[in-house]
Amino acid sequence: MLPDPAPAPASPGSLAERGFRIPFIEHLGIEIVAYGQGASHLRMTPAAEHHNAYAMAHGGVVMTLLDVTMAFAALEPDAPEIGAITVEMKTTFLRPSTGALTARGKVLHSTRTLVFAQATVYNAAGEASAQASGTFVLKQRPAAA
């Protein structure tokens, strides 16, 4: 398991309170537990519509959780105007992602505009079920519509 990060707590409503929303992660039910200081902690409990034919979380759902976890590791709560956009991502599935899922991410290296991160998803038994590494570009968020 990844070491516990020391990010700032983030309540589920805190993204909207900070002036932005991510409708797709809201749709999937991904909860941002904490992020900041180069680390993140997210979780979700996949619903039946998030499962594949084997009654486990669909790979696309798991990859989205990994992607968002790495992106939030790259962000800081006190800079809501900056977003992280995925440039590339590599994922390895280790075992079934079943039950409530927890994801932890951390920044490995960053430059002024690029962030290199990794994340791991843990299944309900606490076993690592998927890992990813990715590169993200930091950009100013578009103005709210």
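The values are calculated or read from the model by the stated rules, or taken from the named source; none is laboratory data. What you see is a predicted model; the values in this text were computed from it and never measured. Here Cβ is always computed from backbone atoms with ideal geometry, including for glycine, and neighbour counts include all displayed protein chains. Calculation scope for accessible area: heavy atoms of the full protein, side chains included, ligands and nucleic acids excluded. Shrake-Rupley method; radii C 1.70, N 1.55, O 1.52, S 1.80 Å.
Taking the condition of being among the hydrophobic types (A, V, I, L, M, F, W, C) and in contact with a His (Cβ under 9 Å, 6 or more places away or on another chain), how many residues in the range 37-61 meet it?
Adding up the residues that qualify gives 3.
Considering only residues that are of a type in the set (D, E, K, R) and in a loop (DSSP other than H, G, I, E, B), which ones fall in the range 130-145?
141
Which one of these is out of contact with any Lys or Arg (no Cβ under 7 Å at 6 or more places or on another chain) and without any contact (Cβ under 8 Å) to a residue 40 or more places away in the chain: 48, 128, 74? Don't jump to the end; show me each part of the working.
Details: 128 fails: without any contact (Cβ under 8 Å) to a residue 40 or more places away in the chain; 74 fails: without any contact (Cβ under 8 Å) to a residue 40 or more places away in the chain.
None of the other options fit; the residue is 48.
Among the residues of the range 30-55 satisfying the criterion of being among the hydroxyl-bearing types (Ser, Thr, Tyr) and open to solvent by 40 Å² or more (accessible area, probe 1.4 Å), which is modelled with the lowest pLDDT?
54
Got a sec? Which of 27, 58, 109 is at pLDDT below 95 and open to solvent by 20 Å² or more (accessible area, probe 1.4 Å)?
27
Look at the range 98-129 and say how many of its residues are closer than 21 Å to residue 84 by Cα and assigned to a strand (DSSP E or B).
Residues that pass the stated criteria total 17.
Just the residues that are in a strand (DSSP E or B) and open to solvent by less than 30 Å² (accessible area, probe 1.4 Å), please, taken from the range 64-90.
At the first step, the residues of the range 64-90 found to be in a strand (DSSP E or B) are 82-90.
Passing the criteria: 83, 84.
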